[in-house]
Amino acid sequence: MTPNDKRCVVTGLGVICAVGNNVEETWNSALKSVSGIHKTTSVDTVNCYADLAAEVKCDTLDEVDAPEEKDRVSKLCIKAANEALADAGLSNFNDDQRVSVIIGSCVGGVISIEHYHQGAKEAVDIPKMPIASIASQVAETCGAGGIVTNVANACAAGTISIALACDLIRAGKADVVIAGGADSFAAVPYSGFLSLHALDENGCSPFNRCNGITLGEGAGVVIVESYEYAQKRGAKTYCEVLGSGVTSDANHITAPREDGLCLMEAINRAVKNSGIQKSDIGYVNAHGTGTGKNDNAEITAFKTFFGEENPTVSVSSTKVLTGHCLGAAGAIEAVFSIKALTTDTVLPTFPYTEEQSAALKEKVGTLDFVQNTARPKQLKCVLSNNVAFGGTNAAIVFSKEQGSVTAQPARNKKIVVTGLGIVSPLGNSKTAYFDAVKAGKKPESASVKSTITLDDYKDLGIKMAFYRKLDNLGQLQTVSGMRALQDADFKVTEDNAKDIGIIVGTSEGGLGSTYDFEELIAREGNANGSAFKFPHTVYNAAGGYLSICSGIKGYGVTITTGPLSGLDSIGYSMNVIHDGQEQAMMATGTDENIPVITEFAQKLGVAASEVVAPFANADGCVVGDGSVSILLEEESYAKARGAKVYCYALGYGHGRKNVKFGKLAGSDEALDKAINDALADAGLKASDIDAVCGFANGFKKVDDIEKGALQRVFGEKLATMPLFEVKERVGEGRAGSAALAASEAAMLLGGELASDNAYFVAADGSVSSKFAEAANLKKILVISFAAGGSYSAVVFGK
Amino acid sequence: MANEEVKSKLKSFFMSDLGVDGDVLQYDTALFGDEIGLDSVDSLEIISFVDSTFGVSMTGVAKENFQSIDTIAAYIEAHKA
């Protein structure tokens, strides 16, 4: 049985979608088989072959603090979160570090991108655009002061958020997690799915006509708590959340594998990690989008997986109610799954004629595909699964009983860094980076970018048939990831493909590509979007391309919080290894600098007009980019294959003090917490740290926070402690720079970088710099930040 | 429009919109083979380009017509108004 300290329970539910503005309305619509699909009123449908959508009708979305600072997606999410919190009997947390927010999304603040582009291009729209704003604004609303992040795995994001919530609780990093997903209906996804000919002009008909999807919108939120915390406060509980499984297809950027193999692996992991039998599952809330490719792959997976052990399991897709709500889908479907479980009801897919029912029966055999009307069924466990662009598969189990979840069985195993891949404005290899360090290179202008060349592809054996499909972000991520595997001499084979996963950290992800797509359809009309370009708008496309190129089929998640995502990817990867889910993890930080990104930085007043150095007390920074991939392996796994070791990943920590998304001022002390948290995680004291790889970029507001926190944590010792600042060479490359700072630490500890320029902060706050030797450094702290008041820290050691 | 001009426009489209390296793309190169590696998403783009540029609909047209620039140009030639 799952030990009490590893049990996760659901204590609150919230939802908003086309068939209801709360759980009660939505559930009643589901019981009555009411579809929310209608002719759309919010996007231009001229010359478009399909004009249906499942839109939210709600007059009270603006009833939030400062509605003018929030995109529709954040408003949808806050509404669902408020309902879930009230349901759980929780309210303002006053920056409680044990309360986290994890929200999944696919298109984020896409309506603000549209508004910016078609309006006066005002700065006020910019902080509303990235997915990262959603969880931050939910946290700001309720005062959650723990880990605040977003999962950006497109249509599987909602499910992965809940899975990640449980992983955090089981790792002892949170007591309460507000987990869910949100997306709004808008021209970009509408035009994109039109261009893929993936919309059904008559409304989606999952597992039946299978002519395409109908887009929806909304948000779903579940409050996940540690069992012990919920017990202590006497909370009512809906159910337990047991195991989950996340895998990558490594096959195609938009289409699922026809054989459903990796989806099956995700379901298998979820059931196995739950410690239950296949026959314990009574109902599956399928992804069931209504496309032939998805629905057939799912039917194949269900028939094969459940086989003779559970031949009559009930299955349905609820997307005929809500439409396909993309990043919200998994979260809304979690609410349906939990209500189904706790009321012993199975929900239907509808409408089916008798003839269609007979045809379905032919296809699915003994499986019980529930049709037309909901009906009672005694349930013990419910499975919900979702698949996404980028080849992501996710599955999760909700249960009335506590199951036998195993978590953190590898907690005491050591994690080593064995491979680094560096793509930066300095070049696309470690050698280029070393040369730049030796030469004391500085950015060539106030806006610098990385450039991938044909030589990079040639060196890595990447064929034109593959690289021609990549957008800029995908190029950066693919090359850095493949370089890391090359550096580690890690060969991905059929035998080990499932032992290794990827976590991509990004600040803006596909925001630039989404803006380009918006430009295209504003010019050409919604009927003339590009099927080639649309996949690049999803933030996890870059990670998906790396998975396809490398063949990595294990865990695959893209997180987006801000620059610190490039360190969070390391922290979460350590957790995945400790959980025994994977033996090796590729942790990355990737962000791009295409012209619109520099334009945003300039409009926000954070871009310097000329090159500035760290601690220059300037009123802006150099805008940069980059992708850095770091291969982490469980020590014995690495040793068994004779890997060279750079250093050990010893600890990860996080701190948050809520300020408005887009701001940092007033959140300083949260960096102290992140550092102390990482030190505690590593079992170290401040006096054990020999150097810091920081985030200073020359912008006074940012650099002062770093200086202040380091002075408070390290006291007098700081004056003689070298601070290595990678942004002096590559500019502010957000997640790319955070991961580069971690790489710098690994190279200093691993002996590949013998010395580097370092900054020293005197007691009076003045800063000097000189070359510092790496030979005596044994433990290095790496830190990063995010707008909204989040900070992360990682400790690497020899 | 001369057949050569149609082929030249198609080649430019493959290079600018589908990321194909012009050096390896001849008029008879297999588009859906290992080297160029076009797939179903790319074919949607080809259909859209041919329709808007030459006024010829290739929706639902048999696969063999998409084999190379030569075959697409031949289809356009045979079906343009």
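Checked against the criterion of being within 21 Å of the chain's Cα centre (by Cα) and surrounded by fewer than 24 Cβ atoms within 10 Å (Cβ to Cβ), the candidates A:D487, A:D471, A:D495 yield just one match: A:D471. Taking the criterion of being assigned to a loop (DSSP other than H, G, I, E, B) and within 11 Å of chain A (Cβ to nearest Cβ), the residues of the stretch B:6-29 that qualify are B:L18, B:G19, B:V20, B:D21, B:L25. Do you know which of the residues in the stretch A:448-474 that are of a type in the set (A, V, I, L, M) and in a loop (DSSP other than H, G, I, E, B) is nearest to the other protein chains (Cβ to nearest Cβ)? Here the residue is A:L470.
Checking the stretch A:433-440 against the condition returns no match, with no residue being within 14 Å of chain B (Cβ to nearest Cβ) and among the basic types (K, R). Which ones in the stretch A:502-526 are in a loop (DSSP other than H, G, I, E, B) and buried (at least 22 other Cβ atoms within 10 Å of the Cβ)? Matches in the stretch A:502-526: A:T506, A:S507, A:E508, A:G509, A:G510. Restricting attention to the stretch B:3-18, the residues that are under 12 Å from A:M464 (Cα atoms) and crowded, with 17+ Cβ neighbours inside 10 Å add up to 1. From A:E258, A:E240, which residue is within 14 Å of chain B (Cβ to nearest Cβ) and acidic (D, E)? Unique residue meeting the criteria: A:E258. Once the stretch A:743-794 is narrowed to residues that are of a type in the set (V, I, T) and more than 25 Å from the chain's Cα centre (by Cα), the residue that is farthest from A:S573 (Cα to Cα) is A:V767.
Within the stretch A:532-541, the set of residues being within 14 Å of chain B (Cβ to nearest Cβ), surrounded by 24 or more Cβ atoms within 10 Å (Cβ to Cβ) and of a type in the set (F, W, Y) comprises A:F534 only.
Results for (1) closer than 14 Å to A:I281 by Cα; (2) surrounded by 15 or more Cβ atoms within 10 Å (Cβ to Cβ); (3) at pLDDT below 95, shown as yes or no for each residue.
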residue: A:T353; (1), (2), (3): no, no, no
residue: A:L367; (1), (2), (3): yes, yes, no
residue: A:L383; (1), (2), (3): yes, yes, no
residue: A:A394; (1), (2), (3): no, yes, no
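Report yes if A:T506 is in contact (Cβ under 8 Å) with a residue 40 or more places away in the chain and within 14 Å of chain B (Cβ to nearest Cβ), otherwise no. No, not satisfied. Looking for whichever is crowded, with 24+ Cβ neighbours inside 10 Å, under 20 Å from the mean Cα position of the chain (by Cα), within 14 Å of chain B (Cβ to nearest Cβ) and more than 27 Å from A:G662 (Cα to Cα) here; the options are A:G529, A:G544. Which one fits? Checking each option against the conditions leaves just A:G544. Exactly one residue out of A:A171, A:A135, A:A139, A:A163 is surrounded by fewer than 24 Cβ atoms within 10 Å (Cβ to Cβ), over 15 Å from A:F389 (Cβ atoms) and of a type in the set (A, V, I, L, M, F, W, C), and it is A:A171.
Please specify each residue of the stretch A:760-783 satisfying the condition of being under 19 Å from A:A616 (Cβ atoms) and polar (S, T, N, Q). The answer is A:S766, A:S768, A:S769. In this structure, A:A250 does satisfy being in a loop (DSSP other than H, G, I, E, B), touching a residue at least 40 places away in the same chain (Cβ under 8 Å) and closer than 27 Å to A:Q583 by Cα.
Residue check: B:A81 meets all listed conditions (1) at pLDDT 95 or above; (2) out of contact with any Asp or Glu (no Cβ under 8 Å at 6 or more places or on another chain); (3) away from chain A (no Cβ under 14 Å); (4) outside any helix (DSSP H, G or I) but one, namely (1).
Are any of the residues in the stretch A:661-676 crowded, with 18+ Cβ neighbours inside 10 Å, touching a His at 6+ places or on another chain (Cβ under 6 Å), at negative phi and not polar (S, T, N, Q)? Among the residues of the stretch A:661-676, at least one is crowded, with 18+ Cβ neighbours inside 10 Å, touching a His at 6+ places or on another chain (Cβ under 6 Å), at negative phi and not polar (S, T, N, Q), which makes the answer yes. Can you pull out the residues in the stretch A:98-127 that are part of a loop (DSSP other than H, G, I, E, B) and either of a type in the set (A, V, I, L, M) or surrounded by fewer than 21 Cβ atoms within 10 Å (Cβ to Cβ) (or both)? Matches in the stretch A:98-127: A:R98, A:V107, A:G119, A:A120, A:K121, A:E122. Evaluation of A:I415 against the conditions (1) modelled with pLDDT of 95 or more; (2) more than 26 Å from A:T506 (Cα to Cα); (3) under 23 Å from the mean Cα position of the chain (by Cα) shows that the sole unmet condition is (2). The requirement of being buried (at least 20 other Cβ atoms within 10 Å of the Cβ) and acidic (D, E) is satisfied by A:E83. Cβ separations smaller than 8 Å between residues 6+ apart or across chains give the following pairs from the stretch A:65-84 residues that are at negative phi to residues that are modelled with pLDDT under 95 and among the basic types (K, R): A:E69/A:K660. Contact map, the stretch A:435-462: first residue more than 11 Å from A:P425 (Cα to Cα), second residue modelled with pLDDT of 95 or more and of a type in the set (F, W, Y), Cβ cut-off under 6 Å, separation 6 or more or different chains; pairs are A:Y457/A:Y467. Taken together, A:R269, A:R257 contain a single residue that is in a helix (DSSP H, G or I) and either more than 21 Å from the chain's Cα centre (by Cα) or among the charged types (D, E, K, R) (or both), which is A:R269. The set of residues from the stretch B:30-61 being on the phi > 0 side of the Ramachandran plot and more than 9 Å from chain A (Cβ to nearest Cβ) comprises B:G55, B:G60.
When the stretch A:475-502 is filtered for residues that are within 14 Å of another protein chain (Cβ to nearest Cβ) and under 23 Å from A:C262 (Cα atoms), only A:T478 remains.
The values are calculated or read from the model by the stated rules, or taken from the named source; none is laboratory data. Note that the coordinates shown come from a computational prediction; the quantities given were computed from them, not determined experimentally. No Cβ is skipped: glycine too gets one built from the backbone with ideal geometry, and neighbour counts run over all protein chains shown.
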